[in-house]
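First comes the structure, then the notes that go with it.
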């Protein structure tokens, strides 16, 4: 099919093309909702049946880091929206600036995620042979994130949880499987989003996006906002529910 | 009185060896439980209703195909394109019929799912690829279930590994056996006889071999069977029977093609083990192989034999050993034998 | 343009000079094409390939089951045969066949567009299908797969000794092909209809694919994540579905069937769409109750999403849940019944011919009737407690999938073969093949209903001897069925090169796809059509050259624009 300027050959008008592309992206996002929905459902059901283990799991996540990441992503959605606005209003010079900011914020998110994952690895919280939910409580010197005065409280909490659920270690592994599964999937989507943003950045620096034709910016924006919304669900599900005071 | 007792005794004996009375309809299994009649009746209702509509629609289609066949190459059909009354009609009427089928089916099913209070409870454990069943007094069976007639029986089902299903076609009942939870099912057998039961949820290699027989007995005979310890058989025959009952024969094929070595000629022979050593297959070795099969693995075989710890009494182990001893004189297969090859020192 | 067969005096037909098949030559022009028609043929080749593989496994199953104690294959090998038969046929034949071959080819033509909304994504879909297929084939040759196509845990994730991970990965990948195809269809049908092509002027084939696409995009992502979790469980030892680690095997079943039940509607709705084209065409009459049939397609798609746990009536779950799902299962049967009645009613007052596509339509009517009605038995709780997981189920779904979906597929292939290739298939040979197929099919699968009620469980490599006679009947039927499949493969291939030239509209039929040459040019239409007629309206189509009684003529409605 031949292309005349911005118009692809299968379309009659630019308007039809834009409407088609937009509908396509929305339907794609619906499929993503179903995709994440499946694993969120599995998590939610297991949260209910292995209540104690999952509460313990949530408590090992860092609220400050998670909260910071949430703010970072919300900010990146703002800068992305600004990029779209710039392309719609013809402010060509601003588009690459906002795209770059979005990419930078995305990388900040990755950085924090790396810190969190590294901490899990260090604390024997990766599902597998070495998994041990009691590792930090039993070896406080090896785990930096436990304050000495909290240690006694943590010990008591874990003991209580084990009494309520003798299989706590196995069930806690389920929590971490879900944690890595969901955040990993989310991070993968962000990596793809970052790739798309780089592509947009390159094209915007060549001045390709105009008020008449800015569909790619628009659609990547939709995708980026969706990835942000997934995090807005993940954060409370993983970090906030059942935290101890 | 004596004559009556004699006659009833004969009738009882005859029933023990026959299958239950066939259902009067062809293509149906025997009706041997309290559910069978209601399930079959429901089935017939649905069958006849569906048959009616199938014949109706087919006849209409064939009639139309004949009556409205094209008579000239350029002929077209009429402009008939719809009729609201027909649409409503053939939506509402099937819906009503469907709801009747649903409701009737739900009633039968609920009856099945809610067990009565006073049941004879049997514990059933399914594992790849056998069934272990335990009577209320602790007596255990493998791949067999003996129960009294006209009593409410409840099975409590557990799995040691994957999902199985306990299915008795003659009773019209089945229930999945799911690892990590107990499922229960109940039924009341109504006819004395022997009936197949099958594993009815695919569970791996020998799914099709994982079945056995339910023997429904008169209450007096059941009581007698329950308190009976072992038969008055000579050890070798008892052992041979056990060898089949415990499903040893499914793996230890005598021609050496099974997943376990042939036991022909094994007794007092030299067995080559996986770690390179060899042992003499004496009574102790046989006993250990039955109770702790993973202790010594024969070279060239996988450690898949399940343990029979807790499933066989010492007496039964002795009977099995006597039987295996009797296999000394049987022909040893060239490949797949339990004993080491003669004297060449080659592995 | 009327054809020689009708008037007997028209000049000899010729193929158009330039069309989509000869517009470009060379392997690259095929492997890098974005033309929906060429992509449809790429799918035709690969789907047929997988059909042969699935058919081979079926042959092994039926041959082995001739005797009660399994003379041909070991238990492990048999278990691999039925598993791989299921996986191949479901994911690589039934789900793609009609949508990717007929749907891809026809939807742009039927709505009056030059191509689908996203031609490059269409090609990507095909490559994803090939990659997914490659992974699954790899699994088949390196250890096989013996978990059943349903992959129940913990058998598949912990206990099976077969190549589960690559197979699951293959199906996971192929799911994305399905999702992208559905997405493409949905968007195309929404935004690319020609002027005058309003929703209720769309052919029912398009409505059926719209409904199918809704199911594809909502359901497939769920099986993707489910199989993804199962693969991770197998490879990394996670425990979501493993009770030994606190997980729940029933959770797997819920997630699996949440897709796999709607998947069966992905398999049957397109075939129903084909039938809705064939019957009006060969009865030369409008489809009776067009709006009801269109609405039924949507209803089936929607209600189909809330019946999944009827596969789980005997797992020990809540009785209340079972009752709810049984009720909904009976509800989902109603729209199918409505369609069946409307198809039958269309025949009344028609002018019916018995060309091969119509024979397949009649075959579909009869066999779908049996298959659909036996679904009622299974949805009925009091009967399912006896026949669940027996050959009754196997017979039921083969009646729908082979008797229904495959009949629709073959009928559609024959019907549109002249459009796709420009040439006709040999009519009498095709009719004989259809008849052989019908006979062979019934002999294969009807005895299985009996086997099921007698109590023979499914997925059994050996069975009690009293079941042998029905198994032998079934195998005999299968050998006849095989002939019924091989014949069309052979003569359709032959006809594509040497068949009689068909012309633009040999039947004639009323769809927009028949108003362009056979085979069509790459851009489908020289000029964008403007639609002013109702679907299947033989009375207002003077261009078809048929004898229309003038006093029933109605003036065509002028176009109102896009919607």
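The values are calculated or read from the model by the stated rules, or taken from the named source; none is laboratory data. As the structure is a computational prediction, the values presented were derived from the model and not from experiment. Note that we place each Cβ from the backbone using ideal geometry, even for glycine, and neighbour counts take in every protein chain shown.
Numerical summary
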| quantity | calculated |
| --- | --- |
| Check on residue C:429, away from chain B (no Cβ under 12 Å), part of a helix (DSSP H, G or I) and more than 30 Å from residue C:324 (Cβ to Cβ) | yes |
| Those residues of region C:31-72 which are within 25 Å of residue C:464 (Cα to Cα) and within 12 Å of another protein chain (Cβ to nearest Cβ), in sequence order | C:64, C:65, C:68, C:69, C:70 |
| Verdict on residue C:330 being more than 21 Å from the chain's Cα centre (by Cα), more than 7 Å from chain B (Cβ to nearest Cβ), buried (at least 24 other Cβ atoms within 10 Å of the Cβ) and within 30 Å of residue B:108 (Cα to Cα) | no |
| Test: residue in region C:388-395 that is surrounded by 22 or more Cβ atoms within 10 Å (Cβ to Cβ), under 29 Å from residue C:496 (Cβ atoms) and in contact with a helix residue (DSSP H, G or I) (Cβ under 7 Å, 6 or more places away or on another chain) | no |
| Matching helices (runs of 4 or more DSSP H) fully within region B:228-304 where at least 3 residues are assigned by TED's automatic domain parsing to the domain that holds residue B:137 and within 21 Å of residue B:332 (Cα to Cα) | none |
| Residue list for region C:301-323, restricted to those being surrounded by fewer than 18 Cβ atoms within 10 Å (Cβ to Cβ) and at the interface with chain B (Cβ under 9 Å from one of its Cβ atoms) | C:319 |
| Verdict on residue C:481 being outside any loop (DSSP other than H, G, I, E, B) and either surrounded by 21 or more Cβ atoms within 10 Å (Cβ to Cβ) or at pLDDT below 90 (or both) | yes |
| Test: residue C:135 is within 13 Å of chain A (Cβ to nearest Cβ), assigned to a helix (DSSP H, G or I) and touching a residue at least 12 places away in the same chain (Cβ under 8 Å) | no |
| Residue among B:48, B:42 that is modelled with pLDDT of 95 or more, assigned to a helix (DSSP H, G or I) and either touching a strand residue (DSSP E or B) at 6+ places or on another chain (Cβ under 8 Å) or more than 8 Å from chain C (Cβ to nearest Cβ) (or both) | B:48 |
| Unique match (being surrounded by 24 or more Cβ atoms within 10 Å (Cβ to Cβ), in a helix (DSSP H, G or I) and either touching a residue at least 60 places away in the same chain (Cβ under 8 Å) or more than 10 Å from every other protein chain (Cβ to nearest Cβ) (or both)) among C:278, C:255 | C:278 |
| Qualifying positions in region B:142-169 - under 21 Å from residue B:221 (Cα atoms) and touching a residue at least 40 places away in the same chain (Cβ under 8 Å) | B:142, B:143, B:144, B:145, B:146, B:147, B:148, B:149, B:150, B:151 |
| Check on residue A:36, touching a residue at least 24 places away in the same chain (Cβ under 8 Å), assigned to a helix (DSSP H, G or I), closer than 23 Å to residue A:221 by Cα and within 13 Å of chain C (Cβ to nearest Cβ) | yes |
| Out of C:100, C:83, C:77, sole residue that is assigned to a helix (DSSP H, G or I), within 14 Å of the chain's Cα centre (by Cα) and at negative phi | C:100 |
| Residue in region C:118-128 that is crowded, with 24+ Cβ neighbours inside 10 Å, over 19 Å from the mean Cα position of the chain (by Cα) and either assigned to a helix (DSSP H, G or I) or without any contact (Cβ under 8 Å) to a residue 40 or more places away in the chain (or both) present | no |
| Set B:198, B:171: member being within 11 Å of another protein chain (Cβ to nearest Cβ), closer than 24 Å to residue C:145 by Cβ, in contact with a strand residue (DSSP E or B) (Cβ under 9 Å, 6 or more places away or on another chain) and at pLDDT 95 or above | B:198 |
| Only one of A:188, A:197 that is assigned to a helix (DSSP H, G or I) and either within 14 Å of chain C (Cβ to nearest Cβ) or touching a strand residue (DSSP E or B) at 6+ places or on another chain (Cβ under 7 Å) (or both) | A:188 |
| Verdict on residue B:314 being out of contact with any strand residue (DSSP E or B) (no Cβ under 7 Å at 6 or more places or on another chain), within 17 Å of residue B:238 (Cβ to Cβ) and surrounded by fewer than 18 Cβ atoms within 10 Å (Cβ to Cβ) | yes |
| The lone exception for residue A:164 - which of (1) in contact with a helix residue (DSSP H, G or I) (Cβ under 7 Å, 6 or more places away or on another chain); (2) closer than 29 Å to residue A:229 by Cβ it fails | (2) |
| Selection count, region A:98-122, where residues are more than 19 Å from residue A:186 (Cα to Cα) and touching a helix residue (DSSP H, G or I) at 6+ places or on another chain (Cβ under 8 Å) | 4 |
